[in-house]
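Remarks on the structure that follows.
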Amino acid sequence: MDLLLINGRIHTMNPRQPQVEALGISGQRIAALGSTEALLAEKTSQTQVIDLKGQAVFPGFNDSHMHLLSYGYSLTMANLAGTDSLNALLNRVGDFMDQQVISPGTWVRGRGWNQDHFSGEKVFPTRYDLDRISTQHPICLTRTCGHVLVVNSKALALLGITRETPQFPGGHFDVDASGEPLGIFREDAMRVVYNAIPTPSMKAIKQMILSASKALNACGITSVGSDDFEALPQSDYEKVIAAYQELAADGQCTVRVYEQCLLPEKKRLQDFIDKGYVTGWGDPYFKIGPLKLLIDGSLGARTAALHQPYSDDPDNRGITTASQETLNELVAMAHDAGFQTAIHGIGDRGMSMAFEAIEKALANHPRADHRHGIVHAQITNETLLNQFVSLNALAYIQPIFLDYDWTIVRDRVGEEREQTSYNWKEMARRGIHAPCGSDAPVETFNVMQGIYEAVTRKDLQGNPAGGWLPQQALTLQEAVYGYTMEGAFATFEESEKGSLEVGKLADLAVLDQDPFDVSPDDIKDIQVTMTIFDGRVL
């Protein structure tokens, strides 16, 4: 036994042995569980002993859907989260440029703004606003959701976007009443901007991964489902795979990555398949996971695809980024090649399209344990909830989304649709697998804050009193399970991780307080004091 943890409150997530006070590790695996007295009797002179002094231990947390590389990349940009006005946003970017001493002609990037947090008029910034920062630098500022960006006039000139430029399929750029581009790009139209930005070096990419991994570890996260293939300009997935593999070969990985492979064009997907990639390919640190597809946008940007118009924008039903025929073909290609699929669907219309594609693929080539799923699954209804059950599909949910979304859902979709949305307890009642995540950098990946919002249905400021749709609150056990075993199930690895059992991977999170012992309102304040990955203390 190499490492022994004693005198803890160790929650195993194994119903056959739910709690123990000591845990032994040999190499990268759990070797023993039991009482402190019993395991101390098994230690050798080489065993490192850590006295937990009553601290709580859980399986290493699993963020089922996020963007690890995008988060690491965002750390190199202007952080626009929390800007509460247009002027604050512009000043934040200006300060960033002053600190970085960016030469004229070099792209300036920022991420994290949200017009709903602006005082006064809650509208997107435009090219003309960004021109107040600089007309010498091309500037690109991405909204917090990642589904909208805005550029300045210098960037538009470099891109060659004018009033004569035709719109792009699967997205669009906004124009004013005279047809002049405003610098706002939505959904697939954003690619023309990203493709013009230089790709970081391999050294820089690996540093982004390491920086993000360190931050994840600080929250007790040891596994993620990560959508990285379009995180970089030019969307070079081979460079992404190589970066992860080189870090693994050098022993530098501290997070297990299950890549959610965003490949939205048939040619790119076929090339990927022809190269021999398939769900499960890889090693214990980086594996190819599902084909990731997007069918709609985000609720905050009003680009999520709805059957009926937005309540606060009656001429708008959102955007679909592909036709039903194209979506069916992509899902069928992936399914037939042995891939799992994970389809971004926020609006009810987007999810309906996703389910049609999954249903057709399964009808043509049945597969019992496919674990296809919908990422986000927000504006649900009775029909969609029934389809999750009948198709045995996963619902990748993000409890931390409540922090912002509870304030806009009724405005966006009205009270009737609101009542059947974000219905996590109903999913639990129906036995739907619902792995929990954050969608970072869209929201924070702090797991304790996510669990808090799942069980209280309140934002981090404690609003609304009594919780939003409180009947949809998860129990604490259900929420923790969503960040542990459900995440493992989503990656076909429930026999390897997700619970603390002999033979499973020694990935653990140690907390300064036991969430089962504190008030639900205090869960958000619990701190991670230690993370163990692969049997070693980080």
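So if I take the alpha carbon set of segment 430-538, get Rg, then get Rh from the Kirkwood formula, what is the Rg over Rh ratio?
0.98
Could you give the alpha-carbon Rg of segment 227-279 over 2.2 N^0.38 Å, rounded to two decimals?
In units of the 2.2 N^0.38 Å rule of thumb, it is 1.19.
Can you give the translational diffusion coefficient of segment 257-358 in µm²/s, computed by Stokes-Einstein from the Kirkwood radius over Cα pairs at 4 °C and 1.567 mPa s?
91
Please compute the contact order of the chain in relative form: average sequence separation of alpha-carbon pairs under 8 Å and at least six residues apart, divided by the residue count, as a percent.
17
Which lysines does Lys504 reach when only Cα atoms under 25 Å apart count, and residues fewer than 8 places away in its own chain are ignored?
Lys43, Lys53, Lys214, Lys287
Take Ser119, Ser438 and order them by how many other Cβ atoms sit within 10 Å, fewest up front. Walk me through the numbers on the way to the answer.
Numbers: Ser119 10, Ser438 28.
Ranking Ser119, Ser438 by Cβ neighbours within 10 Å, fewest first, gives Ser119, Ser438.
Counting other beta carbons within 10 Å of each residue's own, what order do Ile6, Ile379 fall into, fewest first?
Lowest to highest Cβ neighbour count: Ile6, Ile379.
Please work out how much length the chain gains when fully extended from Ala368 to Gln324, using 0.36 nm per residue of separation minus the C-alpha to C-alpha distance, in nm with one decimal.
Here the answer is 13.5 nm.
Under 20 Å from the Cα of Lys239, which aspartates and glutamates turn up, not counting those fewer than eight places away in the same chain?
Reachable aspartates and glutamates: Asp227, Asp228, Glu230, Asp250, Glu259, Glu265, Asp271, Asp274, Asp283.
Calculate the dipole size of the chain relative to its Cα centre from +1 charges on Lys and Arg beta carbons and -1 charges on Asp and Glu beta carbons; express the result in debye to the nearest 20.
In debye, rounded to 20, the chain gives about 680.
Say each of Ser85 and Lys214 gets a label point 7 Å from the Cα, pointing the same way as Cα to Cβ; how far apart are those two points in nm?
Each label point lies 7 Å from its Cα, and together they span 3.5 nm.
Determine, for each peptide in 37-45, 384-392, 226-234, the mean count of other beta carbons within 10 angstrom over its residues, then list the peptides with the highest first.
226-234, 384-392, 37-45
Which whole DSSP H helices in the chain pass both tests: a Cα extent of 27 Å or more along the axis and a mean Kyte-Doolittle value no lower than -1.0? Each step should come with its number before you reach the end.
Working: long enough: none.
Helices meeting the criterion: none.
Please work out the C-alpha center-to-center distance from segment 478-538 to segment 248-316 and express it in whole Å.
After rounding, the separation between the Cα centres reads 25 Å.
Got the relative contact order for segment 150-272 handy, in percent, Cα pairs under 8 Å and 6 or more residues apart?
This gives 21 percent for segment 150-272.
Where the convex hull is taken over the Cα atoms of segment 75-194, what is its projected area averaged over directions, in nm²?
So the Cα hull casts an average projection of 7.1 nm².
Based solely on C-alpha atoms, express the radius of gyration and the Dmax of segment 317-419 in angstrom.
Answer for segment 317-419, Rg first and Dmax second: 14.3, 42 Å.
According to the Kirkwood expression over distinct Cα-Cα pairs, how big is the hydrodynamic radius of the chain, in Å?
Value: 23.9 Å, from the Cα pair sum.
Within the P(r) computed for segment 315-355, what percentage of the Cα pairs occupies the region above 10 Å?
72
Can you tell me how much longer the chain between Ile197 and Thr106 gets when fully stretched, taken as 0.36 nm per residue apart minus their C-alpha distance, in nm with one decimal?
Here the segment from Ile197 to Thr106 would lengthen by 31.8 nm.
Based on the alpha-carbon set only, what is the convex hull volume of segment 372-424 divided per residue, in Å³?
67
Over segment 75-194, what relative contact order in percent results from Cα pairs under 8 Å that are six or more residues apart?
Details: 218 pairs, mean separation 25.2, N = 120.
Over segment 75-194, the number comes to 21 percent.
Over every pair of different alpha-carbon atoms in segment 441-485, take the mean of 1/r and invert it; report that Kirkwood radius in Å.
10.8
If the chain between Asn316 and Gln477 were fully stretched, how many nm would it gain, using 0.36 nm times the residue separation less the Cα-Cα distance?
Details: separation 161, 0.36 × 161 = 57.96 nm, distance 3.94 nm.
Full extension from Asn316 to Gln477 adds 54.0 nm.
Throughout, read-outs are computed from the coordinates displayed, never taken from laboratory work. These numbers were taken from a predicted model, which means no experiment stands behind them. Please note: Cβ atoms are built from the backbone with ideal geometry, for glycine as well, and neighbour counts cover all protein chains shown.
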